[in-house]
Structure formats: C-alpha cells, structure tokens
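Worksheet for the structure shown next.
The values are calculated or read from the model by the stated rules, or taken from the named source; none is laboratory data. The model shown is predicted, which means the values in this text are computed figures rather than measured ones. All Cβ positions, glycine included, derive from the backbone under ideal geometry; neighbour counts span all protein chains shown. Each accessible area value is taken on the protein alone, full model and side chains, heavy atoms only, with ligands, DNA and RNA left out. Shrake-Rupley method; radii C 1.70, N 1.55, O 1.52, S 1.80 Å.
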Amino acid sequence: MTSYDIRKTQISVETIWHERGPRLAQPLRIGTALAIIRNPFAGRYEPDLMAFQAELRELGRKLAAELVQALGGKERIEAYGKGMIVGDDGELEHAAVWHEAGGWAMREILGQPKAIVPAAKTVGGIGTRLMVPLGHIEAAYVRSHFSTAEMTVWDGPRRDEIAFGLVMATGGRPHARIGGLAASDISVHDGQR
C-alpha cells in the first residue's frame, strides 16, 4: 500500500517523419508517461519528504515500463528526461522528490545508462504545459539529442495534485547538424561531462 493516490495516468507518443527536410527512413518517436496523484502535503509544510520519495520508485517503475513498451523496447531508447508539475496548493520541493524516484526508475529499466537525466519542474494549475528537456542516455554532450517534449494533461494537476512524468525518445532531433559529440563516438568517460 502506498501513501499516494493515483487519479489517472497518461501515455502519449509522437511520431515525427521530418522537420521540413528529407523524410526519415525510421521516424523519431517521442513518448511521455505521466501520473496525476493527490499531493499528500498540499496546503501544509512537511519537513521530511524522504519516505514519499522512496514510495514513488514503484510509480517510476510502472511509468518507465509502460513508456518503454509504447516506444518499442528499451534497445530503441536514445534520449530521456523527466518533468513535474505541482498544483497550486503544493510547493516546488514536492516535485523534487521525482528527481530520484523517476530518474532511478528510468535508469533501472534502461540498463543503467550513464548520462544525467535532464528535468524541469514548476508549480502550475490545470492544463499547465511543461517543456521537458531531453538528453542522450549515455553522454550529456551529444548535441543532436538536446530537445524537448511537452508534458501536459487537460484536467490536471488540480490544486491538491502533482503530475509526475517521464519522457523518452528513440533518437535525436531530425536533421541534427550542429556538430558536437556524435552518438557513435561516445566513450566510457563521456556520461557525466
């Protein structure tokens, strides 16, 4: 039994064939998995959020597994990110628990990739649109994979809710051509720099 109440989950997948350049042989797929939960700390200050963070690992596992499946399997995932939107009666720190819980879950299901999981968080109301940054799963400086994915749900988060989301993509930007470290040139030491 968990201390949080899931009102709804949502999986969405975009399929991108081109960005006004040549049509891709394989389309880029960007997926978002999110859960809207009741914020157990809405309207009050809670000094210790660590137990809540630990409980959210299971939610992270569930969302990560569903998203990997929707995108065709873990071997296809090249980029990731995470996002959080806290309803008006919460605080930004209520979102921060997802850094460990959501990031850890994605790393676990993807085989422990090395790069930091980019993130965005905010406090907002129903229909808030959050642009979640994406980065390559193995190396932070692969410019072709610097991108964003939209995280939104039409009826949330409500004042006493939190939206926790995970984002994954099957590649970098279509037609990327600004240089930098190529995904094919990643070495063992590139993950965190």
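Which value, in debye to the nearest 20, gives the size of the charge dipole of segment 1-146 about its Cα centre, when Lys and Arg are +1 and Asp and Glu are -1 at the Cβ?
580 debye
To the nearest 10 degrees, how steep is helix 92-109 against the longest Cα principal axis of the chain, on a 0 to 90 scale?
Compared with the principal axis, the helix lies near 50 degrees.
Among ILE186, ALA176, GLY102, whose Cα projects farthest towards the positive end of the dipole of the chain, with charges put on the beta-carbon of Lys, Arg (+1) and Asp, Glu (-1)?
ALA176
Would you kindly derive the ³J(HN,Hα) couplings of segment 150-157 from the backbone phi angles with the Karplus curve 6.51 cos²θ - 1.76 cosθ + 1.60 (θ = phi - 60°), listing them in order in whole Hz, with x for Gly and Pro?
7, 10, 7, 9, 5, 10, x, x
GLU19: accessible area at probe 1.4 Å, nearest 10 Å²?
About 110 Å², rounded to the nearest 10.
If amide hydrogens are placed 1.01 Å from N in the peptide plane, which non-local residues have theirs closer than 5 Å to the one on GLY156?
Close amide H contacts, sequence-distant or interchain: GLY127.
Give the residue list of chymotrypsin sites (Phe, Trp or Tyr not before Pro) in segment 1-97 that are DSSP loop and have at most 12 other beta-carbon atoms within 10 angstrom.
TRP17, TYR45
How about segment 19-62: which trypsin sites (Lys or Arg not before Pro) there are in a DSSP loop, with at most 10 other Cβ atoms within 10 Å of their Cβ?
For trypsin sites (Lys or Arg not before Pro) across segment 19-62 that sit outside H, G, I, E and B with at most 10 neighbouring Cβ atoms in 10 Å, the list reads ARG20, ARG23, ARG44.
Could you give the size of the charge dipole of segment 74-193 about its Cα centre, using +1 on the Cβ of each K and R and -1 on the Cβ of each D and E, expressed in debye and rounded to the nearest 20? Intermediate results must be reported in sequence, preceding the final value.
Numbers: 13 positive and 15 negative charges, 105 e Å.
The calculation lands at about 500 debye.
Which value, in Å² and to the nearest 10, is the accessible area of LYS82 when all protein chains are kept and the probe is 1.4 Å?
Using a 1.4 Å probe on the heavy atoms, I get roughly 10 Å².
When the helix-only estimate is applied to the chain (DSSP H runs of n ≥ 4, each -39,500 (n - 2.57), divided by the residue count), what is the mean residue ellipticity at 222 nm, nearest 500 deg cm²/dmol?
Mean residue ellipticity at 222 nm (helix-derived): -7000 deg cm²/dmol.
Mind jotting down the distance between the C-alpha centroids of segment 152-193 and segment 43-113, whole Å?
13 Å
To the nearest 0.05, what FRET efficiency results for GLN53 and VAL13 with a Förster distance of 22 Å applied to their C-beta separation? Mind showing how you got there, number by number?
On the way: r = 28 Å, r/R0 = 1.26.
E(calc), rounded to 0.05, equals 0.20.
Long-range amide H contacts for GLY171: which residues qualify at under 5 Å (H placed 1.01 Å from N, peptide plane, sequence gap of 5 or more or a different chain)?
The answer is ARG29, GLU78, ALA79.
Just to check I understand the Karplus step: with θ = phi - 60° and J = 6.51 cos²θ - 1.76 cosθ + 1.60, what whole-Hz values come out for segment 42-50, glycine and proline as x?
4, x, 8, 8, 10, x, 10, 9, 5
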